[in-house]
Amino acid sequence: MKLTTFVAAACIAALGGAAFAEDGALKVGMITTLSGGGAGLGIDTRDGFLLAAKLAGGDKLDIVVEDDQRKPDIAVQLADKMIQSEKVDILTGIVWSNLAMAVVPAATAQGKFYLSTNAAPSALAGKGCHQNYFSVSYQNDNLHEAAGAYVKDAGYSKPFILAPNYPAGQDSLTGFKRLYGGELSGEVYTQLGQTDYAAEIAQIRASDADSIFFFLPGGMGISFLKQYADSGLELPVVGPAFSFDQGILQAVGDAALGVINTSQWNKDIDNPANARFVEEFQAEYGRLPSLYAAQGYDTANLLLSAMDSADISDADAFRAALKSADFDSVRGDFAFAANNHPIQDIYVREVIKEGDVYTNKIVGVALEDHANVYVDECKM
């Protein structure tokens with residue numbers, strides 16, 4: 001596994017023992033967030049991907065890693081450099097949907113394959129789908145649809161919902177409302193990157209809400225949960241995994257205990273691939289893996305499986321190999337819908353504490369073999 005570009009020194013420290021790739025390895029351009037408020041998400045994405053490459057022998061992939069700084073213009077510049085100068089075969093790694101919207105259409109238009117480790121906006125699932133774009137994570141609406149289904153089944157009748165005003169936030173609330181289907185006590189879009197939620201908490205306090213659903217990934221969720229806990233409000237909180245994932249929970253602490261959240265992955269999914277992933281990730285990095293790490297790991301293994309049966313010089317054959325998803329996913333059953341987004345189970349998790357570590361346990365299944373509502377809009 002050859003690592004040809006690193007922007008963040010932390011990358012080098014994390015992978016000091018990596019072997020170098022032989023000539024002829026497939027070249028992968030990973031653009032992800034390694035600095036600023038969303039750095040933990042990108043670091044986990046990178047680390048999961050690189051772990052899978054290492055476990056496969058370390059000689060099949062030549063991986064270029066760059067920091068997008070969570071800025072669309074930087075992401076576009078990096079993608080252009082990777083395509084034009086680095087001559088990458090595959091692009092991957094973007095965490096944020098606004099960055100994906102800036103990069104993916106141009107990359108696929110140039111004949112490159114893009115494998116999404118996280119961001120999967122609705123605009124790229126429906127009319128904007130492309131045969132070379134595969135989301136290995138989910139479609140953005142999915143985990144929020146599962147949360148809406150849970151809130152409905154739990155008997156809550158007036159949730160207050162909020163999310164940042166960018167493509168993933170819009171998909172979030174759309175997905176929640178789709179499967180919740182009832183009355184709302186309030187609906188608010190916050191600023192992307194916002195850290196002060198006093199105004200939103202005041203709105204919740206003044207409402208007749210019986211529960212709260214929010215999608216605030218990374219540092220945004222940490223800020224909101226801490227401020228919510230300090231506010232004295234005690235409404236039940238439900239959300240997708242992004243604000244209750246492994247890398248975030250330690251920063252939130254007791255304020256997250258008992259919170260219900262939805263995810264397509266957790267460390268206690270009982271299959272050999274997941275057990276190996278959790279064990280190897282802890283051995284390699286000294287921490288429990290997150291959802292982002294699991295998605296990075298699955299993305300690399302999907303790519304490696306396609307390489308076993310097709311050469312990327314034959315785009316049609318390689319595309320078919322990706323589409324077959326012939327790999328052992330840490331999630332168990334995994335397949336692609338017609339628009340190249342996953343069909344998979346989505347679980348209900350509860351935040352718990354194991355010793356000194358905050359983590360999640362699966363308490364149920366919210367949606368089985370779930371795809372996405374945009375399949376019929378995709379014509380390719």
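The values are calculated or read from the model by the stated rules, or taken from the named source; none is laboratory data. Note that the structure is predicted; figures quoted are calculated from it, not measured. Quick reminder, even Gly has a Cβ in these numbers, built from the backbone with ideal geometry, and neighbours come from all protein chains shown. These area figures cover heavy atoms from the full protein model, side chains too; ligands, DNA and RNA do not enter into them. Shrake-Rupley method; radii C 1.70, N 1.55, O 1.52, S 1.80 Å.
Brief remarks on what is shown
- Here the contact order of the chain, divided by its residue count and restricted to Cα pairs under 8 Å and six or more residues apart, works out to 17 percent.
- Computed with a 1.4 Å probe over protein heavy atoms only, the accessible surface of the chain comes to 36 Å² per residue.
- Once the gyration tensor of the Cα atoms in the range 232-380 is diagonalised, the equivalent ellipsoid follows with semi-axes of 32, 19, 12 Å, ordered largest first.
- Ratio Rg/Rh, restricted to the range 205-289 and using Cα atoms, in which Rh is the Kirkwood radius: 1.05
- The range 197-318, dipole about Cα centre (Lys/Arg Cβ +1, Asp/Glu Cβ -1), debye to the nearest 20: 480 debye
- Selection from Leu291, Leu303, Met380 lying farthest towards where the dipole of the range 265-380 points positive, charges on Cβ: Leu291
- Charge dipole of the chain about the Cα centre (unit charges at C-beta), most positive-ward option of Ile362, Gln250, Leu192: Leu192
- Ordering of 64-76, 271-283, 142-154 by packing is 142-154, 64-76, 271-283, highest average first (other Cβ atoms within 10 Å, averaged per residue).
- Taking 1.306 mPa s as the viscosity and 10 °C as the temperature, the Stokes-Einstein diffusion coefficient of the range 174-215 based on its alpha-carbon Kirkwood radius rounds to 136 µm²/s.
- Helix 142-154 axis, angle to the chain major axis (alpha carbon atoms, nearest 10°): 30 degrees
- About its Cα centre, the chain has a charge dipole of approximately 540 debye under the convention of +1 per Lys or Arg Cβ and -1 per Asp or Glu Cβ, with nothing else charged.
- With the largest listed first and rounded to whole Å, the semi-axes of the equivalent ellipsoid of the range 265-316 from the Cα gyration tensor are 26, 11, 10.
- Taking a straight Cα-Cα cut-off under 30 Å and skipping sequence neighbours fewer than 8 places away in the same chain, the lysines within cross-link reach of Lys158 are Lys177, Lys226, Lys353, Lys361.
- Within the chain, DSSP assigns beta bridges of which about 35% are antiparallel (rounded to the nearest 5).
- The string of couplings for the range 43-60 from the Karplus curve (6.51, -1.76, 1.60, θ = phi - 60°) is 4, 5, 4, 4, 5, x, 5, 5, 4, 4, 4, 5, 5, 7, x, x, 10, 9 Hz, one whole number per residue in order, with x for Gly and Pro.
- Distant-in-sequence amide contacts of Ser116, defined by a placed amide H-H separation under 5 Å and a gap of 5 or more residues or a different chain, comprise Phe134, Ser135, Val136.
- Spatial separation of Cα centroids for the range 202-219 and the range 67-120, in angstrom: 33 Å
- The mean of 1/r over all pairs of different alpha-carbon atoms in the chain, once inverted, gives a Kirkwood hydrodynamic radius of 20.7 Å.
- In Hz, Karplus ³J(HN,Hα) per residue of the range 258-271 (6.51, -1.76, 1.60; θ = phi - 60°; x = Gly, Pro): x, 5, 8, 9, 10, 7, 8, 9, 7, 5, 9, 5, 8, 8
- Cα-based Rg / Dmax (Å) for the range 53-151: 14.6, 49
- Carbon/sulfur fraction of accessible area - the chain, other protein chains in place, 1.4 Å, %: 47 percent
- Lys/Arg +1, Asp/Glu -1 at C-beta; the range 45-158 dipole; positive extreme among Leu115, Ala102, Gln139: Gln139
- Charged-residue dipole, Cβ positions (Lys, Arg, Asp, Glu), the range 134-208 about Cα centre, Debye nearest 20: 80 debye
- Nearby lysines by direct alpha-carbon distance to Lys54 (threshold 26 angstrom, same-chain neighbours under 8 apart not counted): Lys2, Lys27, Lys81, Lys87, Lys112, Lys267, Lys323
- Prolate is the label for the range 95-180, because a/c, from the alpha-carbon gyration tensor with a ≥ b ≥ c as root eigenvalues, is 1.5 or above and a/b exceeds b/c.
- Under Karplus coefficients 6.51, -1.76 and 1.60, residue-wise ³J(HN,Hα) of the range 27-33 in Hz, glycine/proline x: 9, 10, x, 9, 10, 8, 9
- Degrees separating the helix 315-324 axis from the principal Cα axis of the chain, which is the longest one: 40 degrees
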